[in-house]
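Have a look at the structure below before the remarks.
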């Protein structure tokens with residue numbers, strides 16, 4: 001029996017492929033209709049290319065479908081990388097130009113129904129019709145989508161990344177972004193992915209971006225300026241301001257039972273995919289912003305005690321919804337039996353208790369309420385437990401003259417309201433006082449006495465490698481680690497890289513050991529340690545992964561509003577293409593992020609899974625992309641043909657055949673090379689080759 005999920009995936013991919021075919025069809029239809037209007041004979045109309053393909057002794061059919069109606073043959077080619085209209089006397093392949101020129105001559109002169117026989121304005125109209133048709137239908141696709149209602153992820157903040165701009169500005173869960181960039185319009189319908197994420201990703205690193213924010217529970221907006229980070233590796237080398245959208249209260253992932261240690265407390269509790277959390281530890285969770293914020297806050301605060309949940313669960317067979325009571329136990333963190341030294345404060349939140357108390361970037365925390373800090377990783381949890389209290393923070397500070405002094409600062413700790421994950425290279429946020437601090441890779445203390453027999457305080461961990469219990473465990477661990485940390489080895493010379501090692505330990509299977517390369521004075525030592533559970537530190541989410549994200553629906557009833565939104569979608573799609581091309585040329589965006597047909601199919605299928613209206617919006621974006629790319633002045637593309645015609649119109653003679661042939665060959669080689677490149681990137685992206 002074929003699983004329904006597999007059938008759903010196939011149907012989404014089919015919808016995506018059909019959508020792409022529609023966009024290509026519309027483009028070629030523009031050429032076809034205007035050619036017919038101008039009396040040009042159209043010999044072929046194909047979506048896809050009908051070229052012969054031989055695999056060993058097997059010759060594949062050139063077309064999936066072909067039928068001649070009147071003087072035109074219509075068909076679907078075997079290669080789904082575009083389409084074409086073959087007009088009498090016109091051929092994009094320069095190798096066929098001479099043969100085509102001979103074919104259209106009937107005795108004297110050109111066949112009057114051939115493409116070359118038409119005037120320059122007529123040929124310009126034919127060539128540009130495909131691009132214009134794409135833009136027209138891009139608007140129409142979006143109009144229909146917004147009349148139906150388009151689901152989108154609003155620009156409502158869920159969490160912020162420690163140390164980055166959104167965190168430093170003190171943005172909180174539930175705050176809504178209503179304007180992105182100076183000079184743009186305020187809107188209640190800004191989309192996290194299309195409006196915010198793309199705008200930030202295509203902006204210049206280390207530059208500023210102006211935002212308007214409506215804080216949670218307020219009606220007035222405030223102006224802020226966020227600074228874009230340098231390109232981040234875990235964000236596809238794009239800059240970022242460091243925020244994520246607000247999650248829903250629906251469970252989006254549960255670790256598989258056969259994943260050994262990864263069978264988290266969530267999986268053991270009986271929680272299943274699709275459960276909707278309606279209550280946690282006695283707090284009602286409504287399906288709104290306040291409910292989702294409350295869920296995030298309780299997850300951040302109640303990390304070391306069981307979660308009592310009520311969930312709504314729909315039976316797939318009966319379609320009946322029931323309320324189910326569940327308990328998720330606390331989840332101890334796992335590490336290697338020792339604590340590490342603190343690093344300096346990397347950032348301070350605006351308006352935070354730390355800022356009010358006078359703490360500075362570069363200060364080093366050395367004690368909390370008179371007790372020396374023994375493990376940097378636990379500081380954020382120690383401060384969380386002191387919410388509502390005045391805390392004496394001992395710090396070591398070096399002034400501008402290089403003089404170091406120690407002092408104590410009283411800071412009023414507050415409740416935390418969001419969770420943060422451990423990640424390599426990122427500082428740790430102590431939200432209770434509003435600091436993000438660095439973590440070193442130097443041994444500070446031991447919570448497993450056995451480790452003290454092999455390590456010493458002050459040892460510097462230079463490398464760590466995870467060694468599975470056997471080959472089967474190694475294969476399974478590599479599989480399940482692919483979505484947590486792709487490498488099994490960490491270089492820990494830079495600040496905060498040790499957090500990546502600890503994050504990697506959370507997913508290790510039973511029996512996995514850590515092989516450490518340790519620097520002790522001038523010596524280098526190799527030490528093996530088991531991975532152990534801690535009794536004093538607990539994971540915030542304990543394996544609970546909520547479905548991203550909170551969604552809203554943007555629907556309009558009037559045609560004028562739909563038309564305005566259709567124009568907006570098309571214009572933004574065009575602007576993003578221009579901006580991306582500019583970034584590629586200036587090397588601010590790597591070509592490795594380009595996608596080919598597989599990426600387009602996958603993206604279209606993903607959008608189709610959210611509904612037909614989302615697929616239409618994707619087709620609008622794709623139409624705008626196709627229009628702009630075809631307009632580029634590259635021979636063999638519409639823009640290249642148009643440039644040749646412009647030259648002919650200005651100078652009253654065609655471009656020299658030898659020059660035209662050479663330029664066309666260069667353009668053809670460039671386009672073929674680009675196709676091979678993006679297809680290669682698709683193969684690497686979807687197979688994992690080269691990762």
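Return a yes/no flag: does the range 36-56 have any residue that is part of a strand (DSSP E or B) and out of contact with any strand residue (DSSP E or B) (no Cβ under 8 Å at 6 or more places or on another chain).
For the range 36-56, residues part of a strand (DSSP E or B) and out of contact with any strand residue (DSSP E or B) (no Cβ under 8 Å at 6 or more places or on another chain): present.
For residue 373, indicate whether it is touching a helix residue (DSSP H, G or I) at 6+ places or on another chain (Cβ under 7 Å), surrounded by 14 or more Cβ atoms within 10 Å (Cβ to Cβ) and either farther than 16 Å from residue 437 by Cβ or modelled with pLDDT of 95 or more (or both). Reasoning before the result, please.
Details: touching a helix residue (DSSP H, G or I) at 6+ places or on another chain (Cβ under 7 Å): yes; surrounded by 14 or more Cβ atoms within 10 Å (Cβ to Cβ): yes; either farther than 16 Å from residue 437 by Cβ or modelled with pLDDT of 95 or more (or both): yes.
So residue 373 fits the description; yes.
Tell me yes or no: at least one residue of the range 435-450 is in contact (Cβ under 8 Å) with a residue 40 or more places away in the chain, in a loop (DSSP other than H, G, I, E, B), more than 35 Å from the chain's Cα centre (by Cα) and more than 30 Å from residue 246 (Cβ to Cβ). Let's see the steps before the verdict.
Quick first cut of the range 435-450, residues in contact (Cβ under 8 Å) with a residue 40 or more places away in the chain only: 435-448, 450.
Retained after the next criterion (residues that are in a loop (DSSP other than H, G, I, E, B)): 447-448.
Next, only the ones that are more than 35 Å from the chain's Cα centre (by Cα) stay: 447-448.
Okay, now just the ones that are also more than 30 Å from residue 246 (Cβ to Cβ), so 447-448.
Yes - at least one qualifying residue is present in the range 435-450.
In the range 628-647, which residue that is part of a helix (DSSP H, G or I) and within 32 Å of the chain's Cα centre (by Cα) is farthest from residue 23 (Cα to Cα)?
Among them, the one singled out is 639.
Given the structure, is residue 304 part of a loop (DSSP other than H, G, I, E, B), closer than 22 Å to residue 159 by Cβ and in contact with a strand residue (DSSP E or B) (Cβ under 6 Å, 6 or more places away or on another chain)? Spell out the reasoning first.
Details: part of a loop (DSSP other than H, G, I, E, B): yes; closer than 22 Å to residue 159 by Cβ: yes; in contact with a strand residue (DSSP E or B) (Cβ under 6 Å, 6 or more places away or on another chain): yes.
Yes: the conditions hold for residue 304.
Determine, yes or no, whether residue 490 is crowded, with 19+ Cβ neighbours inside 10 Å and modelled with pLDDT under 85.
Details: crowded, with 19+ Cβ neighbours inside 10 Å: yes; modelled with pLDDT under 85: yes.
Yes: the conditions hold for residue 490.
Which condition does residue 120 not pass, out of (1) more than 30 Å from residue 619 (Cβ to Cβ); (2) buried (at least 17 other Cβ atoms within 10 Å of the Cβ); (3) in contact with a helix residue (DSSP H, G or I) (Cβ under 7 Å, 6 or more places away or on another chain), if it passes all the others?
For residue 120, the exception is condition (2).
Filter the range 375-390 down to the residues that are closer than 18 Å to residue 345 by Cβ and free of Cβ contacts under 8 Å to residues at least 40 places away in the same chain and list them by number.
Start the filter on the range 375-390 by keeping residues that are closer than 18 Å to residue 345 by Cβ, which leaves 375-384, 386.
Hit for the range 375-390 is 382, nothing else.
Quick check, is residue 250 modelled with pLDDT of 85 or more, surrounded by 20 or more Cβ atoms within 10 Å (Cβ to Cβ) and under 15 Å from residue 313 (Cα atoms)? Steps first, please.
Values: modelled with pLDDT of 85 or more: yes; surrounded by 20 or more Cβ atoms within 10 Å (Cβ to Cβ): no; under 15 Å from residue 313 (Cα atoms): yes.
Answer is no for this residue.
Going by the conditions given, is residue 393 touching a helix residue (DSSP H, G or I) at 6+ places or on another chain (Cβ under 7 Å) and either without any contact (Cβ under 8 Å) to a residue 24 or more places away in the chain or closer than 30 Å to residue 457 by Cα (or both)? Before you say what the answer is, go through the steps one by one.
Details: touching a helix residue (DSSP H, G or I) at 6+ places or on another chain (Cβ under 7 Å): no; either without any contact (Cβ under 8 Å) to a residue 24 or more places away in the chain or closer than 30 Å to residue 457 by Cα (or both): yes.
No; evaluated as a whole, the condition is false for this residue.
Only one residue in 584, 615, 579 is surrounded by fewer than 16 Cβ atoms within 10 Å (Cβ to Cβ) and either in contact with a strand residue (DSSP E or B) (Cβ under 8 Å, 6 or more places away or on another chain) or assigned to a helix (DSSP H, G or I) (or both). Which one?
On the way: 615 fails: surrounded by fewer than 16 Cβ atoms within 10 Å (Cβ to Cβ); 579 fails: surrounded by fewer than 16 Cβ atoms within 10 Å (Cβ to Cβ).
Residue meeting the stated conditions: 584.
Would you pick out the residues in the range 212-245 that are under 27 Å from residue 569 (Cβ atoms), assigned to a loop (DSSP other than H, G, I, E, B) and at pLDDT 90 or above?
221
Tell me yes or no: at least one residue of the range 336-346 is under 33 Å from the mean Cα position of the chain (by Cα), farther than 23 Å from residue 168 by Cα, surrounded by fewer than 18 Cβ atoms within 10 Å (Cβ to Cβ) and not assigned by TED's automatic domain parsing to the domain that holds residue 504. Full working, then the answer.
Step one: list which residues in the range 336-346 are under 33 Å from the mean Cα position of the chain (by Cα), which gives 336, 340, 342-346.
Now narrow it down to the ones that are farther than 23 Å from residue 168 by Cα: 336, 340.
Add one more test, that the residue is surrounded by fewer than 18 Cβ atoms within 10 Å (Cβ to Cβ), and what stays is none.
No, the range 336-346 has no match at all.
Every residue in the range 546-571 that is in a strand (DSSP E or B) and under 14 Å from residue 190 (Cβ atoms), please. I'd like the intermediate steps shown before the answer.
Here is the first cut: in the range 546-571, the residues in a strand (DSSP E or B) are 546, 552-554.
Within the range 546-571, 552, 554 qualify.
What's the number of the only condition in (1) surrounded by fewer than 21 Cβ atoms within 10 Å (Cβ to Cβ); (2) at pLDDT 90 or above; (3) under 36 Å from the mean Cα position of the chain (by Cα) that residue 33 fails to meet?
Result: residue 33 passes all but (3).
Which is without any contact (Cβ under 8 Å) to a residue 12 or more places away in the chain, more than 30 Å from residue 279 (Cα to Cα) and assigned to a strand (DSSP E or B), of 367, 405? Give the steps one after another, and end with the answer.
On the way: 367 fails: without any contact (Cβ under 8 Å) to a residue 12 or more places away in the chain.
From the options 367, 405, the qualifying one is 405.
For the range 266-285, what are the residues that are assigned to a loop (DSSP other than H, G, I, E, B) and either at pLDDT 90 or above or surrounded by 20 or more Cβ atoms within 10 Å (Cβ to Cβ) (or both)? Outline the logic, then answer.
Applying the first criterion (assigned to a loop (DSSP other than H, G, I, E, B)) to the range 266-285 yields 270-275, 281-282, 285.
Of everything in the range 266-285, those that are assigned to a loop (DSSP other than H, G, I, E, B) and either at pLDDT 90 or above or surrounded by 20 or more Cβ atoms within 10 Å (Cβ to Cβ) (or both) turn out to be 271, 275, 281, 282, 285.
Check the range 648-657 and report whether any residue there is without any contact (Cβ under 8 Å) to a residue 40 or more places away in the chain, assigned to a helix (DSSP H, G or I) and under 23 Å from residue 131 (Cα atoms). Full working, then the answer.
Step one: of the range 648-657, the residues without any contact (Cβ under 8 Å) to a residue 40 or more places away in the chain are 650-656.
With assigned to a helix (DSSP H, G or I) added as a condition, the list becomes 650-651.
Imposing the further condition that a residue be under 23 Å from residue 131 (Cα atoms) reduces the set to 650.
Yes; the residues of the range 648-657 include at least one that is without any contact (Cβ under 8 Å) to a residue 40 or more places away in the chain, assigned to a helix (DSSP H, G or I) and under 23 Å from residue 131 (Cα atoms).
Quick check on residue 568: is it surrounded by 14 or more Cβ atoms within 10 Å (Cβ to Cβ) and on the phi > 0 side of the Ramachandran plot? Even if it seems obvious, please write down each step before you answer.
Details: surrounded by 14 or more Cβ atoms within 10 Å (Cβ to Cβ): yes; on the phi > 0 side of the Ramachandran plot: no.
Answer is no for this residue.
Given the options 177, 209, name the one that is buried (at least 21 other Cβ atoms within 10 Å of the Cβ), in contact with a helix residue (DSSP H, G or I) (Cβ under 8 Å, 6 or more places away or on another chain) and more than 15 Å from residue 572 (Cα to Cα).
On the way: 209 fails: buried (at least 21 other Cβ atoms within 10 Å of the Cβ).
Of the residues listed, the single one that is buried (at least 21 other Cβ atoms within 10 Å of the Cβ), in contact with a helix residue (DSSP H, G or I) (Cβ under 8 Å, 6 or more places away or on another chain) and more than 15 Å from residue 572 (Cα to Cα) is 177.
What do you reckon, is residue 315 surrounded by fewer than 12 Cβ atoms within 10 Å (Cβ to Cβ), under 33 Å from the mean Cα position of the chain (by Cα), without any contact (Cβ under 8 Å) to a residue 40 or more places away in the chain and not assigned by TED's automatic domain parsing to the domain that holds residue 435? Let's see the steps before the verdict.
On the way: surrounded by fewer than 12 Cβ atoms within 10 Å (Cβ to Cβ): yes; under 33 Å from the mean Cα position of the chain (by Cα): yes; without any contact (Cβ under 8 Å) to a residue 40 or more places away in the chain: yes; not assigned by TED's automatic domain parsing to the domain that holds residue 435: yes.
Spelling it out, residue 315 is indeed surrounded by fewer than 12 Cβ atoms within 10 Å (Cβ to Cβ), under 33 Å from the mean Cα position of the chain (by Cα), without any contact (Cβ under 8 Å) to a residue 40 or more places away in the chain and not assigned by TED's automatic domain parsing to the domain that holds residue 435.
The values are calculated or read from the model by the stated rules, or taken from the named source; none is laboratory data. Predicted model only: the values in this text are computed from it and were never measured. Here the Cβ is made from the backbone with ideal geometry for all residues, glycine too, and neighbour counts use every protein chain on show.
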